[in-house]
Every structure is written in structure tokens, then in C-alpha cells.
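All remarks here apply to the structure that follows.
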Amino acid sequence: MKDQNKTKEQLISELEYLRRQAKKPVTCESVRTRAAEALTNSRQLYQAQKMEALGTLVAGVAHEINNPISLLMFDIPVFQKVWEDFLPVLKQQAEEEPGRKYGGLNYDFLKNNLSRLIFDMDMAVNRIAKIVTDLKNFARQSNVAEKELVQVNNAVENAIRLSQTTLRKSKVLLELDLAPDLPLIKGNIQNIEQIVLNLIINSVQAIDNGHGKIKITTRFQNRDGRIFMSISDNGRGIAPSIQGRIFDPFVTDKLAEGGTGLGLSVTYSLVKAHNGEITFQSKQGHGTVFTVVFPTVLKGKATKILVVDDDESIRQLLVRALAEDRPYLLDEASNGIEACIKLGTYRPDIVILDLFMPEMDGLEVCRNIKTEQELSHMKVVVTTGFPDHPKLKQIAELGFDNIYYKPFDFPDFLEVIDNIIIKSGDNP
């Protein structure tokens, strides 16, 4: 009882300290939340440090193994060709000396088995070479170069084409549920394809039943401007004994299926290199779901857009298209004068501006923007159905060269807006 009272006193003291530090009421729920956040941050830091140390280690190991493996890969095919040329000579000698042995083996054994032995050596050395390649990939994945705007669905479809042979051999049913018109992410498309491919192969290797199924889903999360991709299977699940180490190199329960334990390690590094997150849920006998989340070019402060067009139907179409999957802050103006008034109060990041409007047209609005120093950061997209009109040249001379010609192809138009945002650095 004394120990219990002491524990209560300690808890009260800790709560009082937290209350003084936060200067706001502390509840048991808030303490649990903070503890959970601290634990999550600690685990993430530990994982990052561990992966960095492992990256350094495997880079050195790969380098040391690479040279002798390269020598073997060169020598074995030469040895095979020499053996094929030497076999007739050996046959003639065996006829002259029937009882002679070569390395303790007679001619009949060598004739029937040596080619297979050479083939096995070649297969083994190529498997080691693949492991070395995976090690090198793992070591350098934390620094992804040549990032560009990438459509995640395109990477998924490319990875599926690359995995067709594996899927066909395994007779696994693949189901796709890809959300249309996803925002772009900034990344390397080959690396995103590798992430998807690795997770597909991981799922195929986990399926040991006759009704295998893999489902790939992509969605846009409007609340935080991120894309998530899930890859689920109905395989045997991940053994509880390795779930805490599944992203470490050489940790696998799929050795019988040819797994090296490097695929998920490389995947983890690639996801982190894209500022993403990867998690999984798994229960033995009930399959596994891997979820990857990527920040999009829209993540960050919400971009403010002013849509200016005297045609109400066009204006409403633009607003609906921009609001559907993008976390933009939107406002409207029906003519140039109204637009100039709102420029001073709403201060948009982007103005979508019709060229021809009554009272004040798009050219005059552009001139007003150009003369106001406080509006110099503003990006303007001029829309028109007259691509050869001379006013467009005058607008371009003012420095506004983002021109979009009607009629609208909305997926293309949204991509134009996304590109302007990423180039301007509004949402890094």
C-alpha cells in the first residue's frame, strides 16, 4: 500500500510539472498522447540511424564482394566454351584409355554432368551478383537524384507491366482501384516504380494458396494534401517474430521463395528519400497491407487562387474543377474592376484571368498588377479562345507568359496550375 501511495504521489508531481511547463490543464489523455508521440519520434530516429549505419556497412561489403564476383562472371562462360571445345578431345582420349579418370571422375560422369555443374555455378554467381546489386541500391537509395513531377498512377501502371511475368506464373489475381486525376508528386519515376514492383513481388511471395489476390489502391487525402497507395494481399502474413525488423536488410521469412530480405529495405529507403512514409498491417493467415504515403506538390500552405471570368458558367466550372481534389482557397470575380478590388484584399497567389471582359479586360488587369509592387509575386494565367490576338503579345511583354487557350481540357489545365505552384515554390 505504501508503494502504491508513493507511486500516486510521483504521478501527481509529474502532472504538476507538466501543467507548469505547458501552462494549460494536463489530462491523462494528453499525457498518453505526448508519450505516444515521443515513442513514435524515438522509434523513427532509431530506425533512421540504424538504416544510415547499415547503408554504410552494406556499401563496403558490396564493394569488397563486387570485384571477385565480376571475375567469376567473366571466367565461368569462358570455362563453359572451353569445356564444349575440349569434350571431343576428351572423348577420343577416353576411347584410347577407357579406365582413365580426370580429377577422380571418369569420362561418362563428366560428359553427363559437367555442363550442369557449370550452369549451377553460373546461376549461383548471378544470384550473388543480384544480392550485391541490391546491396548497392540499398546503400545509395537515401539520395535520389533527378526528381521531377511524377504521376503516381503512371508509376503503378509501369510497375505492373514489369511484373506481368511474375503475376502470370504465380496465377495471382491483380485488382486495381486507382483514383483519377491525382495531384503530382516531386520524385523519380523509376524509383516510384521500384517501390511498387518490390511490394508486388513481396505480396506474390507471401501467397501460398490457390486463390491469390493482390489489390492496389491510390487516393488523394484532401485534408493534408498527400497521396496514399496501398498494396494488399491475402497471403500468409508476416511472422510476428520479424514484424519489428521487416525493413532491415536480410530479414525475411521467404527464403524458400527466393527472397533475399533486401526488397523491403530498399523500398523503405526509397520512400524516405521521397519524404514519404511506409507502414504495414499484417496478421498471420489473413494477409498484409502495405501503405505508402507521399507528399504532393500541393502540400504546405494552401494556395489562394482568384478566378476572373465574366461568363458565370465558365467561372463555376473552373472553381469546381480546382476545388474537387486540390486544397486551394478559391475566390471569384466577374470582371476586371472587381478583380482589381479583390487583388488588394484577397491577395491571391495565382490569378486565372479571362482576356476579354466588359469594363476592364485582362490586359488592363495585368497592367495594374505590374504597377503595384506588393502584387509582384502574383502568378497570372490568362485564358482566351483567340490564340492570335495582339493583346496576348502585350501581356507577354509585361512578363505574364502563362497563356491557356480555350476550350478547357481540365486535367491538362490542372496540371498547368500544379506546375506553376511547384515552380514558384509556394508548396515545396
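The values are calculated or read from the model by the stated rules, or taken from the named source; none is laboratory data. All values derive from a computational prediction rather than experimental measurement. Glycine gets a Cβ as well: all are built from the backbone with ideal geometry, and neighbour counts include every protein chain shown.
Tabulated data for the structure shown
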read-out: Residue within the range 396-417 that is over 23 Å from Gln151 (Cα atoms), in a strand (DSSP E or B) and among the polar types (S, T, N, Q) present; value: no
read-out: Residues that are part of a loop (DSSP other than H, G, I, E, B) and modelled with pLDDT of 85 or more, drawn from the range 286-308; value: His286, Gly287
read-out: Any hit, the range 379-390, residues being crowded, with 20+ Cβ neighbours inside 10 Å, of a type in the set (Gly, Ala, Ser) and in contact (Cβ under 8 Å) with a residue 12 or more places away in the chain; value: no
read-out: Residue that is part of a helix (DSSP H, G or I) and in contact (Cβ under 8 Å) with a residue 12 or more places away in the chain, where the choices are Gln190, Gln194; value: Gln194
read-out: Boolean, Leu343 is under 39 Å from the mean Cα position of the chain (by Cα) and outside the structural domain of Leu184 (by TED's automatic domain parsing); value: yes
read-out: Selection count, the range 246-275, where residues are at negative phi and either modelled with pLDDT under 65 or not aliphatic (A, V, I, L, M) (or both); value: 18
